[in-house]
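Please treat every number below as a calculation from the coordinates, not as lab data. If you're wondering where the values come from, they're calculated on a predicted model, not measured in any experiment. Every residue, glycine among them, receives a Cβ derived from its backbone with ideal geometry; neighbour counts consider all protein chains shown.
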């Protein structure tokens, strides 16, 4: 299967095979959330990003192998509806941004900050705090040593702009973080995996930064 990043609830998961990491994307729940299973190809260690809903679907994607961690990108309820069931079934460690952890009703085992690294076997994910959609939203960066970067953004960046924010201060914060920590740092080839809908690349979105600022979502 050629990976396109296009999924829908009830449809076939999309699988991307990188040199060292496998990425499986599946859509779940009434808000068409994207959940991502990351598997180290060398060790078989697995990590799930956003146990959003439909625990049976997520468990079928996880399969018989162990799940080491579940990362929740932010505290909005549509991103953790299946978290308790997934943790109960797998014993996985829970991870979230330190500013959002208290608002997630399933206890967070490890709260993370900007720049920290989460290991998946031989692979590493760097935490990027993207403050604005929620106070503790995080993205996760896999900088493929044999390719281009891969960025999991939760609801902080989508095709067409940043995620919704409660007000102008939060919008400015999110845009500042996106510009400084993402667009100024990473190349156009960087693949973006958002919390809902289709994937994109930084190159596709970069020309619109000034437009987003003016729009002021």
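Could you check residue 99 against (1) assigned to a strand (DSSP E or B); (2) under 22 Å from residue 194 (Cβ atoms) and say which number it fails?
Among (1) assigned to a strand (DSSP E or B); (2) under 22 Å from residue 194 (Cβ atoms), residue 99 violates only (1).
State which residue is nearest to the chain's Cα centre (by Cα) when the search covers only segment 8-55 and only residues that are surrounded by 21 or more Cβ atoms within 10 Å (Cβ to Cβ) and outside any strand (DSSP E or B).
Here the answer is 50.
Could we say that residue 138 is in contact (Cβ under 8 Å) with a residue 60 or more places away in the chain and either under 19 Å from residue 192 (Cβ atoms) or in contact with a strand residue (DSSP E or B) (Cβ under 8 Å, 6 or more places away or on another chain) (or both) here?
Details: in contact (Cβ under 8 Å) with a residue 60 or more places away in the chain: yes; either under 19 Å from residue 192 (Cβ atoms) or in contact with a strand residue (DSSP E or B) (Cβ under 8 Å, 6 or more places away or on another chain) (or both): yes.
Yes; evaluated as a whole, the condition is true for this residue.
Restricting to segment 119-134, count the residues that are closer than 17 Å to residue 68 by Cβ, crowded, with 21+ Cβ neighbours inside 10 Å and within 14 Å of the chain's Cα centre (by Cα).
Total meeting the criteria: 1.
Consider residue 146 against the criteria (1) in a helix (DSSP H, G or I); (2) out of contact with any strand residue (DSSP E or B) (no Cβ under 6 Å at 6 or more places or on another chain); (3) farther than 27 Å from residue 98 by Cα: it satisfies all of them except one. Which criterion is unmet?
For residue 146, the failing item is (1).
Please name all residue pairs, on different chains or six or more residues apart, with Cβ atoms under 6 Å, provided the first residue is in segment 156-181 and is farther than 19 Å from residue 207 by Cβ and the second residue is in a helix (DSSP H, G or I).
Going by the 6 Å Cβ cut-off, the qualifying pairs are 165/171; 165/174.
Is it true that some residue in segment 75-93 is crowded, with 21+ Cβ neighbours inside 10 Å, under 22 Å from residue 26 (Cα atoms), without any contact (Cβ under 8 Å) to a residue 40 or more places away in the chain and under 16 Å from the mean Cα position of the chain (by Cα)?
Yes: segment 75-93 contains one or more residues that are crowded, with 21+ Cβ neighbours inside 10 Å, under 22 Å from residue 26 (Cα atoms), without any contact (Cβ under 8 Å) to a residue 40 or more places away in the chain and under 16 Å from the mean Cα position of the chain (by Cα).
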